Every structure is written in structure tokens, then in C-alpha cells.
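Below you'll find the structure, written out as C-alpha cells, and then a few comments.
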Amino acid sequence: MRIAVLGAGSWGTTVASLLAGRHDCTIWSRDPELAREIYERDANSRYLPGFTLPPGLKATADLEKAVHDADLMVVGVPTHGFRAILADARPYLRPWIPVVSLAKGFERDSLLRMTQLIAAELPGHPAAALTGPNLAKEIMAGQAAASVTGIAQGLGVGDNTRAAVVCRGLAEVTRLGVAMGGEAATFSGLAGVGDLMATCMSPLSRNRTLGEQLGAGRALAEVLGATRTVAEGVGTAFTVHELAERYGVEMPVCQEVYRVLAGEIPASEAYRGLSRQKQAGHEREPG
């Protein structure tokens with residue numbers, strides 16, 4: 001197959017590298033210098049330093065060149081730029097070509113998932129999402145994969161507390177997903193608990209790293225300004241806050257994360273806020 005991967009960040013480049021082993025794969029980068037480095041030097045020193053990319057992986061900064069002959073388009077740009085890149089690619093994409101999203105999260109204003117954006121911007125194109133506990137650098141290193149919060153780590157709370165927050169967080173996300181029409185079993189699999197465990201536990205996770213910095217007392221703007229990569233959890237926290245209100249789902253853990261990111265409380269107050277919630281009940285109950 002001829003496959004176009006849009007987005008040359010760490011995850012987009014990793015997926016493109018895997019695809020290049022079996023298919024004719026071209027990765028698109030907005031930055032011509034980065035595209036040139038990938039194509040000519042088999043490297044992406046900006047997002048995957050120290051890794052050698054497959055020599056068969058092509059790269060370009062020309063969007064038309066990347067997608068006009070593609071049999072499959074994979075979109076690996078962050079959620080805030082997802083709709084725009086679909087619109088930019090639309091004139092060059094052949095009819096009925098499937099489009100796969102690598103982005104996790106929602107569009108901030110519309111509260112739409114990425115597959116919903118594909119349906120809206122590219123009608124007639126089958127939409128899919130690739131998700132799961134996938135850390136780019138581990139996969140690039142050849143480790144197997146299938147498709148605590150960080151604030152807790154930064155605050156130095158115990159393993160019992162971290163485990164409790166992860167479990168209760170999963171219960172909250174499951175309730176919201178079911179309220180939105182999803183199946184509860186999905187959240188017990190790779191796309192749910194699998195992804196949550198990797199995000200919460202791995203030091204390679206961008207969301208966990210950001211949370212650690214917040215827990216250590218740094219301001220959100222300072223943390224975001226010091227990194228090139230995108231921690232999708234920041235925008236998602238605001239979106240989930242709105243979705244919880246829209247669907248009437250009680251989400252105490254997500255609410256505390258939202259309050260920290262919105263600047264309403266410092267990270268050190270988040271766990272105190274959870275301890276003031278009503279007494280814990282059955283696993284099916286909120287909180």
C-alpha cells in the first residue's frame with residue numbers, strides 16, 4: 001500500500017517507521033528542515049533523538065505530494081490542529097481513501113472526537129482510530145506493544161493513593177464513555193485501562209511528566225513553554241469537564257485535575273479535595 005502519515009512528531013514518526021517496513025510510506029512534516037533530515041539522514045533528532053529511522057521511509061513538506069496517491073492516510077497531528085490538516089489535505093485526497101487518527105482526545109470547542117472530525121471534514125472516507133498503551137520511544141527501541149497520575153508522583157504521595165486515583169479515574173472515564181454511547185467493556189481493554197496504565201506509570205509519558213512538574217510546584221505555562229511536544233491531557237481535561245456537565249456524570253478525580261490546570265487550586269490541594277468528597281461507596285458509584 002501507499003500510505004501517507006501526516007505529522008512528524010514522536011508518535012507519527014514511530015508509526016510511519018513501522019509502516020515503512022512493509023509499505024510505501026511517506027511522512028509529511030510542516031517543517032521542511034525536519035522532512036529533509038528524515039529523508040536524507042534517516043533521523044528525527046527533534047522528537048526521537050538517538051534512533052535510526054528505516055531507510056525506506058520517505059519524507060516531504062509538500063502536503064499534495066504526500067497524499068495525492070495514498071491508499072491510506074494516517075493523521076498524527078495534535079488535536080488542536082487536526083481539523084485544519086484534514087481541510088488542507090481534502091483537495092489532494094482521492095475519494096473513499098480510509099483515514100486513521102493517531103490523536104487521543106477531543107476538539108476543544110466542539111467536544112468532537114477525531115473520528116467525528118474526519119466524518120465532518122472528509123465525508124465518504126472511512127474513519128478509524130489507532131489507540132492503546134503505546135509509548136513512542138519504547139516501540140522505536142523494539143519493545144513489544146499492543147494497540148498515577150503524574151501529579152501524584154510530583155507530590156510524593158504513596159503507591160496506595162496513586163493506585164486508588166488510577167482505579168477511580170478509570171471508573172469515571174468509563175461512566176462518561178457509556179453515557180456518550182460507548183461500551184463499558186472497551187474501557188477494560190487496551191484503549192482504556194491499557195492506555196491509562198502506560199500514561200500514568202511510564203516516565204516516558206508526556207502527560208505524566210507534565211503532571212510531575214505541576215506536582216513539584218511549577219506553573220502550567222512554564223511547563224508547556226519548556227517543551228516541544230504536546231501533552232494532550234491538558235486540553236482533554238477541559239473538554240472532559242464540559243462533557244461531564246453536559247451528560248450529568250459525576251467525575252471527582254477529573255474535576256480536581258481540571259481545577260489544577262485551570263489555576264483554581266494548586267496541585268498540592270488536589271488530593272485534599274478528593275479526601276473531602278463523600279464517603280466511598282460501591283465500585284459502580286462515583287468518587
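Values [x] 27; [y] 7; [z] 16 are given for comparison; percent of Cα pairs over 37 Å apart, derived from the coordinates here, is the one labelled [z].
With each run of n ≥ 4 DSSP H residues scored as -39500 (n - 2.57), what mean residue ellipticity at 222 nm is computed for the chain after dividing by its residue count and rounding to the nearest 500 deg cm²/dmol?
Numbers: 14 runs with 132 residues, N = 287.
Result for the chain, helices only: -13000 deg cm²/dmol.
I need the calculated FRET efficiency for the pair K65 and L111, taking r as the beta carbon distance and R₀ as 30 Å, to the nearest 0.05. Mind showing how you got there, number by number?
Details: r = 34 Å, r/R0 = 1.13.
Using R0 = 30 Å, I get an efficiency of 0.35.
For the chain, the per residue solvent-accessible surface stands at 50 Å², with DNA, RNA and ligands left out and a 1.4 Å probe.
Under a point-charge model restricted to the Cβ atoms of Lys and Arg (+1) and Asp and Glu (-1), what is the dipole moment magnitude of the chain relative to its Cα centre, in debye to the nearest 20? The partial results should precede the final answer.
Working: 28 positive and 30 negative charges, 41 e Å.
Magnitude of the dipole: close to 200 debye.
Set the Förster radius R0 to 41 Å, insert the Cβ-Cβ distance between E242 and D88 as r into 1/(1 + (r/R0)^6), and round the FRET efficiency to 0.05. That gives a FRET efficiency of 0.95.
Please report the antiparallel percentage of the DSSP beta bridges confined to the chain, to the nearest 5.
On the way: 1 of 19 bridges.
Among the beta bridges of the chain, antiparallel pairing accounts for roughly 5 percent.
Counting charges near D42 (Lys, Arg +1; Asp, Glu -1) among other residues having Cβ under 12 Å from its Cβ returns a value of +1. Taking amide H atoms as placed 1.01 Å from N in the peptide plane, the amide H of A61 lies under 5 Å from those of S29, each 5 or more residues away in sequence or on another chain.
With a 1.4 Å probe and all protein chains left in place, how much of the accessible area of the chain comes from carbon and sulfur atoms, in whole percent? List each step's numbers first, then the result.
Working: 7460 of 14290 Å².
Looking at the chain in its full context, I get 52 percent from C and S.
Backbone phi angles across the stretch 75-83, fed through the Karplus curve with coefficients 6.51, -1.76 and 1.60 (θ = phi - 60°), yield HN-Hα couplings of 10, x, 8, x, 4, 5, x, 5, 4 Hz in residue order; Gly and Pro are listed as x. Remark on V74: its backbone amide H falls under 5 Å from those of A4, V5, L6, V100, a criterion applied only to residues 5 or more positions apart or on other chains, H modelled at 1.01 Å from N.
The values are calculated or read from the model by the stated rules, or taken from the named source; none is laboratory data. The shown structure was predicted, so the numbers you read here are calculated from the model rather than taken from an experiment. For neighbour counting, all protein chains shown are included, and Cβ atoms are generated from backbone atoms with ideal geometry for every residue, glycine included. Heavy atoms of the whole protein, side chains included, go into the accessibility calculation; ligands, DNA and RNA do not. Shrake-Rupley method; radii C 1.70, N 1.55, O 1.52, S 1.80 Å.
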